[in-house]
1. Looking only at the stretch 19-49, which residues are of a type outside the set (Gly, Ala, Ser), part of a loop (DSSP other than H, G, I, E, B) and touching a strand residue (DSSP E or B) at 6+ places or on another chain (Cβ under 8 Å)?
Amino acid sequence: MTTLRDIQNKMTKAVYGQTLDEALDTQLCIKCKEPAIAKCYSPAGIKEYNLSGLCEECFDAIMAENDEDEDGWGFFEITTNKE
Ligand SMILES: [Zn+2]
């Protein structure tokens with residue numbers, strides 16, 4: 001049976017070169033590969049690390065990127081409008 005964690009591990013392995021489980025086992029951030037807890041400055045950040053494997057710094061950086069990408073469906077619209 002494929003669990004959500006299996007999917008997360010596959011995705012994180014593809015994107016970051018390590019699985020979420022590996023990152024949590026070593027207590028390193030999955031993205032910057034530095035000690036994650038040291039880079040979490042709030043309890044919410046530590047909670048987020050245990051869910052996503054991202055230290056708070058990287059998590060905030062990713063959220064900031066997504067905020068700028070307001071037209072996130074652009075690619076989808078282009079591909080579906082093409083006949
Ligand atoms: Zn990080």
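The values are calculated or read from the model by the stated rules, or taken from the named source; none is laboratory data. No experiment lies behind these values; they were computed from the predicted model shown. All Cβ positions, even for glycine, are placed from backbone atoms using ideal geometry, and neighbour counts span all protein chains on display.
1. Gln27, Cys29, Glu34, listed by residue number.
Okay, residues lined up against (1) modelled with pLDDT of 95 or more; (2) of a type in the set (A, V, I, L, M, F, W, C); (3) in contact with a helix residue (DSSP H, G or I) (Cβ under 7 Å, 6 or more places away or on another chain):
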site	(1), (2), (3)
Glu22	yes, no, no
Lys33	yes, no, no
Ile37	yes, yes, yes
Cys55	yes, yes, yes
Asp60	no, no, no
Glu77	no, no, no
